[in-house]
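The values are calculated or read from the model by the stated rules, or taken from the named source; none is laboratory data. It should be emphasised that the depicted structure is a prediction, and the values quoted were computed from it without experimental measurement. Quick reminder, even Gly has a Cβ in these numbers, built from the backbone with ideal geometry, and neighbours come from all protein chains shown.
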Amino acid sequence: MIRDVTDLEVYQLSLKLLKKLYKFLQKIPHSEYDSVRQCKRAGKSIPALIAEGFAKRSSEKELKRFLKMAIGSSDEIITHLRTIVIALPHLLVEAKDLAQEYKVLSKRINKLHSVWHSGIF
């Protein structure tokens, strides 16, 4: 039974990936600070948006709106990882692996968005 946002797998995964993202971003030089800042902002927004949507779960429309924004932030990180590789090609493999994990997260959030019905949890 889901009683708290921490019971949602997508929430747990978003926090797990945020830790991986922070570890990856430590390898980015200061010259690419804007990309680091953007990634951190988007990465932190995913669990926050899921939590805010969950808090408003009595309104299916509101919950789904926040889940869509969380998907957007996840997809934004994927794009930032691609742009980081343009400047730092030696990070290609690690960036691609992390981007793939964010693609999975986006798909899982999208699945939750499509199956959620008010009152089922």
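Worth pointing out:
- Candidate set from the stretch 33-63 (those that are outside any helix (DSSP H, G or I) and out of contact with any helix residue (DSSP H, G or I) (no Cβ under 6 Å at 6 or more places or on another chain)); member that is farthest from Asp7 (Cα to Cα): Ser59
- Being touching a helix residue (DSSP H, G or I) at 6+ places or on another chain (Cβ under 6 Å), on the phi < 0 side of the Ramachandran plot and at pLDDT 95 or above is a condition met by no residue of the stretch 114-121.
- Residue check, Lys16 charged (D, E, K, R) and within 21 Å of His90 (Cα to Cα): no
- Qualifying residue in the stretch 53-75 (condition: at pLDDT 95 or above, among the acidic types (Asp, Glu), within 16 Å of Gln100 (Cα to Cα) and buried (at least 18 other Cβ atoms within 10 Å of the Cβ)): no
- Residue selection: Ile86 fails the criterion of being crowded, with 18+ Cβ neighbours inside 10 Å and either of a type in the set (Ser, Thr, Tyr) or assigned to a helix (DSSP H, G or I) (or both).
- Criterion applied to Ser114, Ser106 was being of a type in the set (S, T, N, Q), crowded, with 16+ Cβ neighbours inside 10 Å and part of a helix (DSSP H, G or I), and the one residue passing it is Ser106.
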